[in-house]
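Quick notes on the structure that follows.
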Amino acid sequence: MFKRTANVQCVNVVSITDGSFLNVGDTHLGNPVSKVIALQKEGATFRGELKFEDYSIFSQKAHFPESKTNIIKRTFTHNPNIYVQNSNVMAISSSSIFQLGNLDKIAAESRIKHFRHVIIED
Amino acid sequence: MIMEVHNYELHVANVQIDAIASSSIFLIGDNDSIVLSSFFDTPPESYSVINLVPLSPVA
């Protein structure tokens, strides 16, 4: 399948953390998976307080649609270029991808569970 | 379904993004298939008001 070329003049990224990346070039398959427990807590916090295994959200099966889609896509590329002057990104985090170029297949999954522990002021 | 795409000149001057987070993708280029799945859980019991600091981890 004919692919276009991305011409980017300037990229400005402040931070890339937690298994994310800035990808220049072509990629065939991207499969980012992120599992997050967000704990907002007053008072002391202990390491290993909350574990992934304790919560079913992290073990539930993701039921993706069956991949065989009967869509015929015909692409006519009259100008095989994509021009971007400048792109400014503050943060790329928790297994995200900033792709400059082609990325054929993407199967992304993210699982987030929030906790808030508040102490009563008596 | 037949989908016909005609790509002509594509110019973007500025892109300003605060954050790309939790398995998100910012793509400047072509793509064939995207499958996304997301689980998000903030049940009422996740907000717990406690009067003393728990010594053992809260189960």
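The values are calculated or read from the model by the stated rules, or taken from the named source; none is laboratory data. Small disclaimer: the values here were computed from a predicted structure and weren't measured. Note: ideal-geometry Cβ built from the backbone for every residue, glycine included; neighbour counts use all protein chains shown. Note: areas computed on protein heavy atoms with side chains; ligands, DNA, RNA excluded. Shrake-Rupley method; radii C 1.70, N 1.55, O 1.52, S 1.80 Å.
Structure above, values below:
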read-out: Test for A:PHE64: is it within 22 Å of the chain's Cα centre (by Cα), loosely packed, with under 14 Cβ neighbours inside 10 Å and within 9 Å of chain B (Cβ to nearest Cβ); value: yes
read-out: Boolean, A:GLU49 is assigned to a loop (DSSP other than H, G, I, E, B) and touching a Leu at 6+ places or on another chain (Cβ under 8 Å); value: yes
read-out: Those residues of region A:71-90 which are among the hydrophobic types (A, V, I, L, M, F, W, C) and buried (at least 19 other Cβ atoms within 10 Å of the Cβ), in sequence order; value: A:ILE82, A:VAL84, A:VAL89
read-out: Given (1) open to solvent by 80 Å² or more (accessible area, probe 1.4 Å); (2) modelled with pLDDT of 85 or more, number of the condition A:SER93 does not satisfy; value: (1)
read-out: Which numbered condition A:LYS35 misses (of (1) surrounded by 13 or more Cβ atoms within 10 Å (Cβ to Cβ); (2) part of a loop (DSSP other than H, G, I, E, B); (3) in contact with a strand residue (DSSP E or B) (Cβ under 9 Å, 6 or more places away or on another chain)); value: (2)
